[in-house]
């Protein structure tokens, strides 16, 4: 087994992440698995960070011609994403660029309607709510200071070809905010998959698939339950591992969404 095959087998362990920057979590891995079930081979990953979601999508995708352009505001993240793509043997299929999604139309590429799939794990929180983390990079990754969901939705609508899909993960408590932001950009929600930490518990997050210029018709799916058991017996459910095998790198609840 060569080094890239070993890196793929261990994914997402071993991904390089900038010191002091935002650390990716299970939400990026869930997004990658969810997006792998959508059509599309030309993808963009908005707010790619170290590339966890976009690279995970490439590894989960069945079409080996699929490509991703990872876009992020932070140069250190883009450098890490490029390094990770090379380590996984995906450098020819994953390109990383420093781009502010709020100025996507001013950038040289990718161009309008150049993608048939856009992934996004956006900042979840309004800057006016919650305790802010130390460091500007972590702050921007968790709070909408370097771009709000409407900004990411507008960028996705610009990049997507007609009828292309937008996949994102967000907080369940902000569903009305998500729906309004996507509708304003002609992104019609087609699938909603609630993600719950345990059976019977309220969903904490939502995986959302929306189609550019899509017609009405929404499928609300049964919740994906992540954990069973308690204390030292806590484990990932079979359903969670079947949906996203990448979660096996984190068998305990410490990094649950």
Candidates 32, 242, 209: whichever shows maximal mean-square fluctuation once the chain is modelled as a Gaussian network with Cα springs under 10 Å
242
Packing rank of 193-200, 229-236, 74-81, where each peptide gets the mean count of other beta carbons within 10 Å, highest leading:
74-81, 193-200, 229-236
Could you calculate the contour length gain from residue 13 to residue 213, that is, 0.36 nm times the residue separation minus the distance between their Cα atoms, to one decimal place in nm?
68.2 nm
Spin-label model distance (nm) - residue 180 vs residue 65, 7 Å beyond Cα toward Cβ:
4.2
Which distance in nm do the two modelled labels at residue 103 and residue 238 give, with both placed 7 Å along the Cα-to-Cβ direction?
5.3
By the mean-Cβ-within-10 Å protection proxy, highest first, 35-42, 153-160 rank as 153-160, 35-42
Return the calculated 222 nm mean residue ellipticity for the chain, to the nearest 500 deg cm²/dmol, obtained by summing -39500 (n - 2.57) across DSSP H runs with n ≥ 4 and dividing by the residue count.
-8000 deg cm²/dmol
Taking only Cα atoms and a 10 Å spring cutoff, compute GNM fluctuations for the chain and point out the largest among 45, 116, 107.
107
Pop a pseudo-label 7 angstrom from the Cα along the beta-carbon direction at both residue 4 and residue 198 and give the gap in nm to one decimal.
4.4
Most mobile of 93, 13, 102 in a GNM of the chain (Cα contacts under 10 Å):
13
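Taken together, the values in this text are just the output of simple stated rules run on the coordinates, not laboratory data. Bear in mind the structure is a predicted one, so any value in this text is a computation, not a measurement. Positions of Cβ are backbone-derived with ideal geometry, glycine not excepted, and every protein chain shown enters the neighbour counts.
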